[in-house]
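Colleague: My questions all concern the structure below.
Read-outs: derived from the displayed coordinates by stated rules, not from any lab. These numbers come from a predicted model, not from an experiment. For neighbour counting, all protein chains shown are included, and Cβ atoms are generated from backbone atoms with ideal geometry for every residue, glycine included.
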Amino acid sequence: MHGKELRKHLVIEVVRIGQRLVRDDRVTTHVALVSRGFGAERIYMTEVNPEIKDTIGKINNTWGGNFEVEFIEKWKTIVKKKKDEGFKIVHLSMYGESINDAQEKIQEEENLLIVVGAEKVPREIYELADYNVGVGSQPHSEISALAILLDRIQNGKQFEKEFPNAKRKIIPTKHGKNVQVKETRD
Ligand code: SAM
């Protein structure tokens with residue numbers, strides 16, 4: 001299952017859409033962390049606490065990589081722009097086609113914009129999406145749905161990705177902790 005190489009030309013970005021009655025910074029931060037940790041390059045967000053950008057910036061600073069958080073006004077503008085640029089839109093929804101049926105087709109795509117909801121998802125996204133994908137047909141969370149989709153698309157190879165300029169790098173070990181610390185002057 002994990003046989004395919006991580007394709008260097010695969011570009012994955014994520015957008016979180018929908019209105020929340022109560023802003024939930026922790027879930028929003030976790031959506032960004034999963035995006036970063038599972039191989040996406042950027043996340044677009046609306047209605048967000050600006051501190052989330054600082055949190056992710058500090059993670060990049062310590063653990064490397066160039067993952068970007070971009071605040072946007074309107075989700076539709078970015079979805080349409082990305083479609084025009086040739087990105088395929090994958091909308092995660094419990095009502096969508098089963099991930100078990102969709103994953104092989106999506107694996108063939110090169111540029112993906114993954115759309116996750118918060119609470120209320122506008123109906124229009126179902127029409128704009130190239131793929132509406134269900135990770136099971138039970139309600140759960142955008143964090144879990146996103147993690148599973150990113151893993152299915154990349155077959156686990158996302159965990160072999162390098163995060164350049166890291167100050168700390170974990171050397172996986174069966175027991176205890178092994179962390180390489182790069183000396184810096186700042
Ligand atoms: N009732 C809401 C709706 O229909 O829009 C669901 C909101 S859910 C808390 C937040 C997001 O998690 C959804 O918009 C979707 O992106 C994702 N999600 C939840 N369960 C899912 C599932 N089984 N498959 C795929 N995505 C799911």
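Colleague: Identify all lysines with a Cα-Cα distance to K80 below 19 Å; exclude those on the same chain that are fewer than 8 residues away in sequence.
Modeller: By straight Cα distance, K80 reaches K88.
Colleague: How high is the FRET efficiency from E51 to V22, r the C-beta distance, R0 22 Å, rounded to 0.05?
Modeller: Here the calculated transfer efficiency is 0.85.
Colleague: Using the structure shown, select from K53/K182; K74/K161; K58/K157; K58/K167; K53/K174; K53/K167 the pairs with a Cα to Cα distance greater than 22 angstrom.
Modeller: K53/K182; K74/K161; K58/K157; K53/K174, as the Cα separations exceed 22 Å there.
Colleague: Right, next: Within region 92-144, report the trypsin sites (Lys or Arg not before Pro) that DSSP leaves as loop and that have at most 13 other Cβ atoms within 10 Å.
Modeller: The qualifying sites are R123.
Colleague: Oh, and also: With a 10 Å Cβ neighbour count serving as the proxy for reagent exposure, in which order, fewest first, do H140, H9 appear?
Modeller: By the 10 Å Cβ count, ascending: H9, H140.
Colleague: Take the alpha carbon gyration tensor of region 60-142, find the square roots of its eigenvalues, order them as a ≥ b ≥ c, and report rounded if a/c is under 1.5; if not, report prolate when a/b exceeds b/c, else oblate.
Modeller: Judged from the Cα gyration tensor, region 60-142 comes out rounded (a/c under 1.5).
Colleague: List the GluC sites (Glu not before Pro) within region 1-83 that fall in a DSSP loop (any state other than H, G, I, E or B) and whose Cβ has at most 10 other Cβ atoms within 10 Å.
Modeller: E5, E73
Colleague: Two decimals is fine: what's Rg over Rh for region 86-186, C-alpha atoms, Kirkwood radius as Rh?
Modeller: Result for region 86-186 is an Rg/Rh of 1.11.
Colleague: Can you pull the three principal axis extents for the Cα set of the chain, in Å, largest first?
Modeller: 50, 39, 32
Colleague: Further, regarding this structure: Loop only per DSSP, at most 13 neighbouring Cβ atoms within 10 Å: give me the GluC sites (Glu not before Pro) in region 135-186, ordered by residue number.
Modeller: E162, E183
Colleague: What does the C-alpha gyration tensor say about the overall shape of region 1-82? Classify as rounded when a/c is under 1.5, otherwise prolate if a/b is larger than b/c, or oblate.
Modeller: Cα axes put region 1-82 in the oblate bin.
Colleague: Pairs of alpha-carbon atoms within less than 8 angstrom and 6+ residues apart define the contacts here; what relative contact order does the chain have, in percent?
Modeller: Worked out over the chain, it gives 30 percent.
Colleague: List every residue whose amide H lies under 5 Å from the amide H of E68, counting only residues 5 or more places away in sequence or on a different chain, with H placed 1.01 Å from N in the peptide plane.
Modeller: Amide H neighbours of E68, under 5 Å, 5+ apart: R42, I43.
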